[in-house]
1. Can you tell me which of C:ALA180, C:ALA154, C:ALA190 is farther than 27 Å from C:SER95 by Cβ and within 13 Å of chain A (Cβ to nearest Cβ)?
2. Whether any residue in the stretch C:96-112 is open to solvent by less than 10 Å² (accessible area, probe 1.4 Å), hydroxyl-bearing (Ser, Thr, Tyr) and touching a residue at least 40 places away in the same chain (Cβ under 8 Å) is what I want to check.
3. Among all residue pairs at least 6 apart or on different chains, which show Cβ distances below 7 Å where the first residue, located in the stretch C:208-224, is more than 21 Å from C:ALA142 (Cα to Cα) and open to solvent by less than 50 Å² (accessible area, probe 1.4 Å) and the second is hydroxyl-bearing (Ser, Thr, Tyr) and in a helix (DSSP H, G or I)?
4. Does the stretch A:121-131 hold any residues that are at the interface with another protein chain (Cβ under 8 Å from one of its Cβ atoms) and either surrounded by fewer than 19 Cβ atoms within 10 Å (Cβ to Cβ) or on the phi > 0 side of the Ramachandran plot (or both), and which are they?
5. For the stretch C:122-152, give me each residue that is open to solvent by 10 Å² or more (accessible area, probe 1.4 Å) and at pLDDT 85 or above.
6. Hey, can you tell me all the residues within the stretch B:62-81 that are within 9 Å of another protein chain (Cβ to nearest Cβ), modelled with pLDDT under 80 and open to solvent by 70 Å² or more (accessible area, probe 1.4 Å)?
7. Inside the stretch A:136-159, can you point out the residues that are surrounded by fewer than 24 Cβ atoms within 10 Å (Cβ to Cβ) and either more than 7 Å from every other protein chain (Cβ to nearest Cβ) or at pLDDT 85 or above (or both)?
8. Taking the options A:ALA89, A:ALA71, A:ALA102, name whichever one is surrounded by fewer than 24 Cβ atoms within 10 Å (Cβ to Cβ), modelled with pLDDT of 90 or more and out of contact with any Cys (no Cβ under 6 Å at 6 or more places or on another chain).
Amino acid sequence: MSNKAIPVLATLSAIGFVVTLWLMYSFAPFDRALLFNQKIFYWHVPHAFMLFIATAVCGVSSLIFLKKRTAKWDDLALASAEVAALFGAAVLITGSIWAKAAWDIWWTWEKRLTMSLLLWLTLVGIVLVRRFAGASADRLAAGLAVFGTLGIPFIYTMVNASDHHPQAGAGGAALASHPDIKLVMWLGVLTFFLWFLTLVMMRVQSVAAEREVRELREKGLDAGVLS
Amino acid sequence: MRTWIIVVLCLVPALAVAQAPPAAERPASELRKICADAMNADPSFSESIIMTINEETFRQHKTAGDAIAKDQKHVILAYAALWLLAAGFVLFLWRRQQTLKTEIAQLRRDLETASK
Amino acid sequence: MSVLRQAARVAWKDLRIELRSREIVYTMAFFGGLIVVVYSMAFPVRPDLVRAAVPGMLWVAIAFAGTIGLGRAFDRERENDTMRALLLAPIPRLSVFLGKAISIAVLIIAVAAVCTPLLALFLDAPLFADPLPLVIVLILGAIGIANVGSVFAATLLKVRSRDVLLPVILYPILIPLFVAGTHATEAMLAIPANPDKVWYWIGFLGVYDAAALVLSLWIFESLVIE
């Protein structure tokens, strides 16, 4: 099933990239407060959305893996952790470029930036633990993912207490107030959601292939074919 | 034009000093009035100042505004970074999948020949 | 109910070992005191700086001492492979986990009881102007650290690089707890003191502890399966 789904999803998200890019230039209104830099928004914010969705998928599938011990969920947890780390890197890099354009500084220890960095470091930690912690790595990474996901609502509450970050929601004065801006942003979210699905499926496939190689090797060792 | 302004600026006080009795005895407001009168006496002088200031500030504001309003550099940079990240990850996945596929095929073949 | 009674028994066993050797308490408390002395040398002791810096100092000291205590408490179970015996004992695994967490929370509270007066004394910080919220914050913090810490220390028991991995895994997870604790202490030291804020962060800590406890009770068994 995933053999057919991956090309379809990839094509749809490719169309989405082009459409959002075109709408961003020609259709979305010019932002008077943040000017042309604001165009970074249309891809930056969807990536942030996907970061949170991927982290949540990773946390939930880790929890199910811990309870049920089926390898399928472990594959999904690993794949979504890696993809979440990728989206986190994307958010941090584009955010950093936007900060340079708008605030003339690459990085500032503003709360939301700090928390995104923290979340990203946790995700990188999961991927690293997965690779280097030896025999109990899968459980350990799963525990880290579950507790890391538990922390997200708390971190979110904490950050919202005082914040200078441009807001995608109601709080922002200049951003996303115009319906056309919102429309293009949600199109971007949809596009990158499809893209996220594509990447996770591809990664799950390769994790499954890795397991098959391992099993075949063991079989070969048992049969005495391999040394 | 600038040299003219400087020359006039130097000449006007010199003339004022030369014409008038000792300046220290006069109140400041009177001196200012004399100075202003002297400057206004030459219409091209004030005009040139206004022109210079206007052109300069206008040019500066326009370039700064244009730079921010048409700041495509950062947007293109950000989007390029995203493309690179995504392309890199997909390439990495694809190559890995290819090596895994060949490895699986190889292992299968070996196992089959061994079992025969 | 019997789960809790068994947990109390496990905790009492740990604490009795500790009371006999006093190894962890002494080393942790000494370490905590040492950190305070290092702070007083590393940072300029000025009244205006003290109010801003003491909350962070307090929580960093507790975090460091807590990690050391956690590692040591579980190493003790590893030395003679008594953890296996404990897990094989005819009691629910939840009791083992709860007992461990309780005993470690008690140890961390003991360390905090040493560190906090020392900070107040050496840096002349008015920490004890209103002792009740301070005590509640410290106890809630100790419970949170002990709870999440025992889950991961138990999971890491068989991993070779556990001493490095424990803080690496624990600190990112515990960030909400540390930030909330620091904010609460900061609000206590502010002029004028801000009780609304203090109680907001105490509530935050309480909810965090409860959520973490429920989650660890839920997945502890799956995590430490041998």
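1. Details: C:ALA154 fails: farther than 27 Å from C:SER95 by Cβ; C:ALA190 fails: within 13 Å of chain A (Cβ to nearest Cβ).
That would be C:ALA180, the only listed residue that is farther than 27 Å from C:SER95 by Cβ and within 13 Å of chain A (Cβ to nearest Cβ).
2. Taking every residue of the stretch C:96-112 in turn, at least one turns out to be open to solvent by less than 10 Å² (accessible area, probe 1.4 Å), hydroxyl-bearing (Ser, Thr, Tyr) and touching a residue at least 40 places away in the same chain (Cβ under 8 Å).
3. Correct list of pairs: C:LEU223/C:THR155; C:VAL224/C:THR155.
4. So the first thing to find is which residues in the stretch A:121-131 are at the interface with another protein chain (Cβ under 8 Å from one of its Cβ atoms), and the list is A:121-122, A:125, A:129.
A:LEU121, the sole residue that qualifies.
5. Matches in the stretch C:122-152: C:PRO131, C:LEU132, C:VAL135, C:ILE136, C:LEU138, C:ILE139, C:LEU140, C:ILE143.
6. Listed by number, the residues that qualify are B:ILE68, B:LYS70, B:GLN72, B:LYS73.
7. Kept after step one, since they are surrounded by fewer than 24 Cβ atoms within 10 Å (Cβ to Cβ), are these residues of the stretch A:136-159: A:136-140, A:149-150, A:152-159.
A:ALA137, A:ASP138, A:ARG139, A:LEU140, A:THR149, A:LEU150, A:ILE152, A:PRO153, A:PHE154, A:TYR156, A:THR157, A:VAL159, listed by residue number.
8. Numbers: A:ALA71 fails: modelled with pLDDT of 90 or more; A:ALA102 fails: modelled with pLDDT of 90 or more.
Result of the check over A:ALA89, A:ALA71, A:ALA102: A:ALA89.
The values are calculated or read from the model by the stated rules, or taken from the named source; none is laboratory data. Because the structure is a prediction, the values reported are computed rather than measured. We place every Cβ from the backbone using ideal geometry, glycine too, and count neighbours over all the protein chains shown. In case anyone asks, the SASA skips ligands and DNA or RNA and just uses the protein heavy atoms, side chains included. Shrake-Rupley method; radii C 1.70, N 1.55, O 1.52, S 1.80 Å.
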